Amino acid sequence: MKTIRGIAIILGFLALGEFVSVMIRHFIPGSVAGMLLLFAALCLRIVKIESVREVADFLTGNMTIFFIPAFVGIMNEWGIIRTNFWGWVIVLISTTVIVMVCSGLAAEWTIKLKTRRRR
(Lines give C-alpha, C1' and ligand atoms only; values in the text may rest on other atoms or scores of the structure.)
Protein backbone atom coordinates (compact mmCIF):
# COMPACT_ATOMS: atom_id res chain seq x y z
CA MET A 1 0.00 0.00 0.00
CA LYS A 2 2.89 2.34 0.82
CA THR A 3 4.37 1.80 -2.65
CA ILE A 4 1.09 2.57 -4.38
CA ARG A 5 0.73 5.75 -2.34
CA GLY A 6 4.28 6.82 -3.25
CA ILE A 7 3.64 6.20 -6.94
CA ALA A 8 0.37 8.15 -6.73
CA ILE A 9 2.09 11.11 -5.06
CA ILE A 10 4.89 11.21 -7.63
CA LEU A 11 2.49 10.84 -10.56
CA GLY A 12 0.21 13.47 -9.02
CA PHE A 13 3.05 15.97 -8.89
CA LEU A 14 4.01 15.04 -12.45
CA ALA A 15 0.45 15.79 -13.58
CA LEU A 16 0.43 19.02 -11.59
CA GLY A 17 3.74 19.98 -13.19
CA GLU A 18 2.35 19.29 -16.66
CA PHE A 19 -0.64 21.51 -15.84
CA VAL A 20 1.65 24.30 -14.62
CA SER A 21 3.76 23.90 -17.76
CA VAL A 22 0.73 24.34 -19.98
CA MET A 23 -0.36 27.38 -17.96
CA ILE A 24 3.04 29.06 -18.41
CA ARG A 25 3.12 28.09 -22.11
CA HIS A 26 5.79 25.41 -21.68
CA PHE A 27 8.44 27.82 -20.40
CA ILE A 28 9.50 25.01 -18.06
CA PRO A 29 8.94 21.35 -19.01
CA GLY A 30 6.14 19.70 -17.04
CA SER A 31 8.38 17.03 -15.54
CA VAL A 32 10.78 19.67 -14.21
CA ALA A 33 7.93 21.79 -12.85
CA GLY A 34 6.47 18.72 -11.14
CA MET A 35 9.83 17.84 -9.63
CA LEU A 36 10.23 21.39 -8.31
CA LEU A 37 6.73 21.31 -6.84
CA LEU A 38 7.43 17.95 -5.18
CA PHE A 39 10.71 19.31 -3.81
CA ALA A 40 8.88 22.34 -2.40
CA ALA A 41 6.21 20.10 -0.86
CA LEU A 42 8.92 17.96 0.75
CA CYS A 43 10.77 21.02 2.08
CA LEU A 44 7.57 22.50 3.48
CA ARG A 45 6.69 19.08 4.95
CA ILE A 46 3.40 18.97 3.07
CA VAL A 47 4.53 15.56 1.81
CA LYS A 48 6.45 13.30 4.17
CA ILE A 49 9.70 11.85 2.83
CA GLU A 50 8.76 8.39 4.07
CA SER A 51 5.74 8.33 1.78
CA VAL A 52 7.86 8.62 -1.41
CA ARG A 53 11.26 7.26 -0.32
CA GLU A 54 10.73 3.65 -1.43
CA VAL A 55 9.53 4.60 -4.92
CA ALA A 56 12.16 7.32 -5.28
CA ASP A 57 14.93 4.89 -4.31
CA PHE A 58 13.67 2.40 -6.90
CA LEU A 59 13.46 5.04 -9.63
CA THR A 60 16.91 6.49 -8.94
CA GLY A 61 18.38 3.00 -8.68
CA ASN A 62 17.08 2.15 -12.15
CA MET A 63 17.62 5.52 -13.78
CA THR A 64 19.46 4.12 -16.80
CA ILE A 65 16.12 2.88 -18.15
CA PHE A 66 14.98 6.49 -18.56
CA PHE A 67 17.95 7.32 -20.80
CA ILE A 68 17.16 4.69 -23.44
CA PRO A 69 14.74 6.94 -25.42
CA ALA A 70 17.34 9.73 -25.45
CA PHE A 71 20.02 7.37 -26.75
CA VAL A 72 17.70 6.13 -29.49
CA GLY A 73 16.96 9.73 -30.47
CA ILE A 74 20.67 10.51 -30.64
CA MET A 75 21.30 7.49 -32.86
CA ASN A 76 18.49 8.60 -35.18
CA GLU A 77 20.21 11.97 -35.61
CA TRP A 78 23.74 10.59 -36.00
CA GLY A 79 24.05 12.09 -39.49
CA ILE A 80 23.60 15.61 -38.11
CA ILE A 81 25.92 14.97 -35.17
CA ARG A 82 28.63 13.51 -37.40
CA THR A 83 28.87 16.73 -39.46
CA ASN A 84 30.04 18.70 -36.41
CA PHE A 85 31.36 15.92 -34.19
CA TRP A 86 34.13 17.90 -32.44
CA GLY A 87 31.75 20.75 -31.62
CA TRP A 88 29.47 18.23 -29.91
CA VAL A 89 32.41 16.72 -28.03
CA ILE A 90 33.47 20.14 -26.74
CA VAL A 91 29.91 20.97 -25.65
CA LEU A 92 29.48 17.61 -23.92
CA ILE A 93 32.77 17.85 -22.03
CA SER A 94 32.28 21.47 -20.99
CA THR A 95 28.70 20.94 -19.80
CA THR A 96 29.74 17.81 -17.92
CA VAL A 97 32.44 19.77 -16.10
CA ILE A 98 29.99 22.58 -15.31
CA VAL A 99 27.45 20.10 -13.90
CA MET A 100 30.14 18.39 -11.81
CA VAL A 101 31.35 21.70 -10.37
CA CYS A 102 27.82 22.91 -9.62
CA SER A 103 26.90 19.57 -8.02
CA GLY A 104 30.02 19.65 -5.85
CA LEU A 105 29.37 23.22 -4.75
CA ALA A 106 25.72 22.41 -3.99
CA ALA A 107 26.78 19.36 -1.95
CA GLU A 108 29.31 21.41 0.02
CA TRP A 109 26.73 24.12 0.65
CA THR A 110 24.20 21.53 1.83
CA ILE A 111 26.72 19.90 4.18
CA LYS A 112 27.67 23.29 5.65
CA LEU A 113 24.01 24.16 6.09
CA LYS A 114 23.33 20.87 7.91
CA THR A 115 26.31 21.29 10.24
CA ARG A 116 25.17 24.81 11.14
CA ARG A 117 21.70 23.54 12.03
CA ARG A 118 23.09 20.85 14.31
CA ARG A 119 24.97 23.35 16.45
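The values are calculated or read from the model by the stated rules, or taken from the named source; none is laboratory data. Computed from a predicted structure; not experimentally measured. FYI the Cβ positions are ideal-geometry reconstructions off the backbone, even for glycines, and counts take in every protein chain you see.
Annotations for the structure displayed:
- Residue list for region 17-59, restricted to those being out of contact with any Leu (no Cβ under 9 Å at 6 or more places or on another chain) and among the charged types (D, E, K, R): Glu18, Arg25, Arg45, Glu50, Arg53, Glu54, Asp57
Yes/no per residue for (1) under 20 Å from Ile4 (Cα atoms); (2) of a type outside the set (Gly, Ala, Ser):
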{"residue": "Glu50", "(1), (2)": "yes, yes"}
{"residue": "Thr64", "(1), (2)": "no, yes"}
{"residue": "Thr83", "(1), (2)": "no, yes"}
{"residue": "Val91", "(1), (2)": "no, yes"}
{"residue": "Ser94", "(1), (2)": "no, no"}
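- Gly17 being in the same structural domain as Gly6 (by TED's automatic domain parsing), surrounded by 10 or more Cβ atoms within 10 Å (Cβ to Cβ), under 30 Å from Ile4 (Cα atoms) and in contact with a Pro (Cβ under 9 Å, 6 or more places away or on another chain): yes
- Count of region 14-50 residues which are of a type in the set (Phe, Trp, Tyr), in a helix (DSSP H, G or I) and over 13 Å from the mean Cα position of the chain (by Cα): 1
- You will find that of Asn62, Asn84, the residue that is surrounded by 10 or more Cβ atoms within 10 Å (Cβ to Cβ) and either free of Cβ contacts under 8 Å to residues at least 12 places away in the same chain or touching a Leu at 6+ places or on another chain (Cβ under 9 Å) (or both) is Asn84 and no other.
- Of the residues making up region 90-117, those that are more than 23 Å from the chain's Cα centre (by Cα) and over 18 Å from Cys43 (Cβ atoms) are Ile90, Thr115.
Listed here are the residues, each with its yes/no results for (1) among the polar types (S, T, N, Q); (2) not assigned by TED's automatic domain parsing to the domain that holds Lys114.
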site: Lys2; (1), (2): no, yes
site: Arg5; (1), (2): no, yes
site: His26; (1), (2): no, yes
site: Met35; (1), (2): no, yes
site: Val72; (1), (2): no, yes
site: Thr83; (1), (2): yes, no
site: Gly87; (1), (2): no, no
